[in-house]
Amino acid sequence: MKILLVGSGGREHALAWKMAQSDMVRELIAAPGNLGIAGEPKCRVMRVSSDDVQGLLELAKIEKPDLTVVGPEAPLVSGLTDLFVKNGFRVFGPSSAAAVLEGSKVFSKELMRKFSIPSADFEIFSDAERAMKFVDSKRFPLVVKADGLAAGKGVFVCDRREDAQGALDLIMKQKVFGAAGARVIIEDCLEGEEASFIAFTDGVTVMPLASSQDHKAIFDNDKGPNTGGMGAYSPAPVVTSSAHKKIMDEVMLPTVKAMSTEGRPYIGFLYAGLMIKDDVPKVLEFNVRLGDPEAQPLLVRMQTDPIPLMLASLEGKLCRESIKWENDASVCVVMASQGYPGAYPKGKIITGIEDAEKLRGIKVFIAGADSSSDGVVTSGGRVLGVTSLGKDIPEAIQKAYEGVGRITWEGAQFRTDIGRKALTKS
Ligand code: AMP
Ligand code: GLY
């Protein structure tokens, strides 16, 4: 088979690395891909942006992929799947009608309310003054969220009234997220520990991946502004077998059923971002794709070839499949540019990637790095993820940081506490 993979981050490098190992895959083209993907067997990259849905269709008409796999949310929300299917191509990823589950927080909150899927209580506002008045009447902390896609920056957890007023001002008056901020959600702040629960689904059957946990804040101990994710590990002990059962019965299966009932059948990866307290899960958000960086530790632990699972999902036959995992644990530590998640310099020379990969059980997934006449240089905020496999989380942490210790560039930053939360439970 020939695969077209859309995207350019660490998640896509991990997907390309895993899919290229499949006996079913003859060739994999990534658009736009990255330096890491270009170096994997069977893989090549084509410089078409993942946001350029028309350009991707033109590429598909030339390359004729047997299956297209979409990494990020934006092309799904803007209708890549619908356009490709209309032109006779198979895509693993939801239609735009189903991707609205991530594309509009108002949609997803209303769906959860209608179908009694556990989540924080909320109100929706399209008028800034009314939103401000509501905030005046509320207890703190509370959470203000822009409705639409905001690259992970549209959520504000507010400890004080002034923070909430500031968030509303940014979203509704200064309109920093444009139309994505035309409506806001104001919701109760949930307590507990976060986990990522991701599954394959064919619209009826839900086949969960192993559990994982992201680290969203830039600094140790979850301090500082949120990022795309500074590291992840799998499995996540906070997802006990009791929590797992509740997540399946109260969140994943009801959500997939609700989407069908609403005439928006959901096929693809479904990701629930959860807050878990005393084994009780509540949904923070849905994503319509794999998490990044969660994909990295998940895919190094996945023993099963994902291609048959994707094909079975498209054929509505996922119930016939099964999935196997390494017993080993995995940890991914993201190394980022100085200044990220704010402005950051590019072009810093990176050393030590090959040295790190010489360590047993280490794989470096590239996100924002490129080749230049000076060698490998930084080109993004999140630059790479050092991902380990170890017999348990402590060993996986130790290995990942050994790998991190071999890689450097001017201004490189990373968290030193990835995986620590898992240690308090094991
Ligand atoms: P979201 O994109 O909706 O997952 O929000 C990003 C981050 O904000 C989450 O990973 C949480 O850390 C935090 N967050 C979002 N909603 C809530 C909530 N209702 N209570 C507490 N924290 C939240
Ligand atoms: N790591 C969080 C996300 O992919 O949205």
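The values are calculated or read from the model by the stated rules, or taken from the named source; none is laboratory data. Predicted model only: the values in this text are computed from it and were never measured. Because the Cβ atoms are built from the backbone with ideal geometry, glycine has one as well, and the counts that use them run over all protein chains shown. Accessible surface areas use protein heavy atoms only, side chains included; no ligands, DNA or RNA. Shrake-Rupley method; radii C 1.70, N 1.55, O 1.52, S 1.80 Å.
Things worth noting here:
- Search result, residues across the range 17-60 that are open to solvent by less than 10 Å² (accessible area, probe 1.4 Å), part of a loop (DSSP other than H, G, I, E, B) and without any contact (Cβ under 8 Å) to a residue 40 or more places away in the chain: 33
- The range 186-195, residues that are more than 9 Å from ligand 1 (Cβ to nearest atom) and open to solvent by less than 20 Å² (accessible area, probe 1.4 Å): 186, 195
- Some residue of the range 227-249 being polar (S, T, N, Q) and farther than 22 Å from residue 206 by Cβ: yes
- Near pairs, Cβ below 6 angstrom, 6+ apart or cross-chain, from the range 274-290 (free of Cβ contacts under 8 Å to residues at least 40 places away in the same chain and assigned to a loop (DSSP other than H, G, I, E, B)) to any residue that is hydroxyl-bearing (Ser, Thr, Tyr) and more than 8 Å from ligand 1 (Cβ to nearest atom): 279/240; 279/242
- Note on the range 362-398: residues that are open to solvent by 40 Å² or more (accessible area, probe 1.4 Å) and free of Cβ contacts under 8 Å to residues at least 60 places away in the same chain total 6.
- Boolean, residue 143 is closer than 27 Å to residue 340 by Cβ, in contact (Cβ under 8 Å) with a residue 60 or more places away in the chain, out of contact with any Ser or Thr (no Cβ under 7 Å at 6 or more places or on another chain) and surrounded by 14 or more Cβ atoms within 10 Å (Cβ to Cβ): no
- Hits in the range 170-185 (condition: surrounded by 15 or more Cβ atoms within 10 Å (Cβ to Cβ), touching a residue at least 24 places away in the same chain (Cβ under 8 Å) and under 19 Å from residue 134 (Cβ atoms)): 171, 172, 181, 182, 183, 184, 185
- Evaluation of residue 265 against (1) open to solvent by 40 Å² or more (accessible area, probe 1.4 Å); (2) closer than 20 Å to residue 92 by Cβ; (3) within 16 Å of ligand 2 (Cβ to nearest atom) (one fails), failing number: (3)
- Any hit, the range 225-235, residues being in a strand (DSSP E or B), buried (at least 22 other Cβ atoms within 10 Å of the Cβ), under 19 Å from the mean Cα position of the chain (by Cα) and away from ligand 1 (no atom under 16 Å from the Cβ): yes
- Residue match in the range 17-27 (condition: under 20 Å from residue 149 (Cβ atoms) and among the acidic types (Asp, Glu)): no
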